[in-house]
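Notes to accompany the following structure.
Please treat every number below as a calculation from the coordinates, not as lab data. Predicted model only: the values in this text are computed from it and were never measured. Neighbour counts run over all protein chains shown; Cβ positions are idealised from the backbone, glycine included.
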């Protein structure tokens, strides 16, 4: 247990029995009231955002974590099989732990996995940007390429994203795994 004043943004604490990541932490001292810390946290089990006021003297349980790099090998039902890049041990990770970025996983991709002090998996982090090939999209006419609209495109992972009109089948694009948005075309 440590004082809330010693906790910083990005730390993982155990709050009401579940791991939460501190997204924002602001110290407030209103007029004639006692000081407190306003914390914005993300529940790592459910993905929900939580706001809570901690008194300045309150203690919290900080979760000791270990981050290791794993390589994505293949899909086994609903699970993803990952291999430790140092020891070559394999583990299965549920789709819920990875979340929506799982739709951008390609074989061989490196993923950071965060383990809690009890050796349970807290989260899996994909690279923020990935480069994927467009396997299917409608062809654009000369007039379409001049406009700033978007059209749907299916990527090599089977995921559909909206891309600008000038993107064609076979193009390689950069996608943000957090939001699933098209960022730019990659020139190879």
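Sort segment 66-125 into rounded, prolate or oblate with this rule: let a ≥ b ≥ c be the square roots of the eigenvalues of the Cα gyration tensor; rounded if a/c is under 1.5, and if a/c is not under 1.5, prolate when a/b is larger than b/c, oblate otherwise. The shape class here is oblate.
A simple spin-label model places the labels of residue 89 and residue 6 2.9 nm from each other, with each point 7 Å out along Cα-to-Cβ.
Under the rule of -39500 (n - 2.57) per DSSP H run of 4 or more residues, summed and divided by the residues of the chain, what mean residue ellipticity at 222 nm is obtained, to the nearest 500 deg cm²/dmol? Dividing the helical sum by the residues of the chain leaves -1000 deg cm²/dmol.
Note on 137, 46, 65: ascending count of other Cβ atoms within 10 Å places them as 46, 65, 137, the fewest first. Here are a few candidate values for Rg and Dmax of the Cα atoms in Å: (1) 18.6, 61; (2) 21.2, 67; (3) 18.5, 67. Which one was actually calculated from the structure I just gave you? The listed entry that was calculated here is (2). Residues in segment 1-30, backbone N under 15 Å from the label point at residue 49 (7 Å along the Cα-to-beta-carbon vector): list them, ranges by number please. Counting only backbone N, you get 10, 21-26.
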